[in-house]
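Participant: Structure incoming, see below.
No lab work stands behind these numbers, since they all come straight from the coordinates. Computed from a predicted structure; not experimentally measured. Here the Cβ positions follow ideal geometry from the backbone for every residue, glycine too, while neighbour counts run over all protein chains shown.
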Amino acid sequence: MAAVESLIDFAGASVMVTGASSGIGRETAILLSRLNATVILCGRNQARLEETRTQLAGEGHSIESCDLADGDRILPWFRSVMARSGPLKAMVHAAGKQLTVPLKFVTPKAADDQWRTNLQSSIMLARGFAEKGAHAPESSMVFISSVLGLGGKPALSVYGASKAALIGLAKSLAMELAPERIRVNCVAPGYVRTEMLEEMSGLWSPEQFEALVKAHPLGLGAARDVANAIAFLAADTGRWITGTTLVVDGGYTAQ
Ligand SMILES: NC(=O)c1ccc[n+]([C@@H]2O[C@H](COP(=O)([O-])OP(=O)(O)OC[C@H]3O[C@@H](n4cnc5c(N)ncnc54)[C@H](OP(=O)(O)O)[C@@H]3O)[C@@H](O)[C@H]2O)c1
């Protein structure tokens, strides 16, 4: 089978990747650069964004820091980035955080923070992307949902709700933006070995971790496994795909 690189080419195209300082976002930025994209790297941690930049292929990549939990700042920030960069072929919104907390300890502040980081940021980035001059003639957005947006787990209700909301958001945006030839899709990963998983696994016993690994018939994922699916949807390989969710989970939801 041909490697995904031989099917996809972003030559001459700019793409934005949020969450590019770590995990899935970083790996996606690296892959898209190897596919000849010029990448705008977004996150909060400047040093780690610089670290990502050193791993990119090609030239012309930039770093644009923003706290995406601050909904009021996103649109002005996005417009100023666009004024420097020109239209985007794709936006991959991989920034996100996971609130792991039993329902009885959930506070409005924590729920709001989860909501703003995972969902409101997606809405405001989409609003910016849809503006005139911000997107290329055939363009796409990819949001990173989760298998927890499709099925449940204790202590992850707020996170799961934010990820399920992204699936609904992508469907309606796909309908609204199809006349502009903007496609909107989600990728829903199973558990992937990134810093987020490391943080989560600190809350589990070795037996619980083993059970989680076993729940994935193909084992835990690597960030590159998710990046491959993102690249496919973001590029013209996904040109007839919109409003859908591609599950990338090593078989987690097949059972
Ligand atoms: N790992 C998994 O098992 C898994 C499974 C399903 C879905 N996902 C989803 O995949 C996405 C990426 O996860 P990951 O595992 O790669 O996580 P990660 O390694 O912890 O990376 C999270 C990224 O989000 C950025 N971020 C967090 N809060 C931000 C904010 N307020 N403003 C701007 N950037 C922010 C971080 O950048 P800074 O720290 O630089 O701000 C970092 O680059 C998330 O949406 C996550 O929910 C992950």
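Participant: In the range 170-217, what count of residues is obtained for those that are over 23 Å from SER22 (Cα atoms) and surrounded by fewer than 19 Cβ atoms within 10 Å (Cβ to Cβ)?
Facilitator: Qualifying residue count for the region: 17.
Participant: Still on this model: Could you count how many residues in the range 8-52 are buried (at least 24 other Cβ atoms within 10 Å of the Cβ) and of a type in the set (Lys, Arg)?
Facilitator: Counting residues in the range 8-52 that are buried (at least 24 other Cβ atoms within 10 Å of the Cβ) and of a type in the set (Lys, Arg) gives 1.
Participant: Would you be able to tell me the number of residues in the range 134-148 that are in contact (Cβ under 8 Å) with a residue 60 or more places away in the chain and outside any strand (DSSP E or B)?
Facilitator: 2
Participant: Going through the range 88-143 one residue at a time, which ones are within 18 Å of GLY43 (Cβ to Cβ) and among the charged types (D, E, K, R)?
Facilitator: LYS97, ASP113, ARG116
Participant: Is it the case, given these coordinates, that LEU150 is within 11 Å of the ligand (Cβ to nearest atom) and either β-branched (Val, Ile, Thr) or under 20 Å from LEU41 (Cα atoms) (or both)?
Facilitator: no
Participant: Could you list, in sequence order, the residues of the range 25-55 that are touching a residue at least 40 places away in the same chain (Cβ under 8 Å) and more than 18 Å from SER140 (Cα to Cα)?
Facilitator: Within the range 25-55, ARG26, GLU27, ILE30, GLY43 qualify.
This table checks each residue for (1) within 14 Å of LEU148 (Cα to Cα); (2) of a type in the set (A, V, I, L, M); (3) out of contact with any strand residue (DSSP E or B) (no Cβ under 7 Å at 6 or more places or on another chain).
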residue	(1), (2), (3)
ARG183	no, no, no
ALA188	yes, yes, no
THR194	no, no, yes
GLY202	no, no, yes
ALA231	no, yes, yes
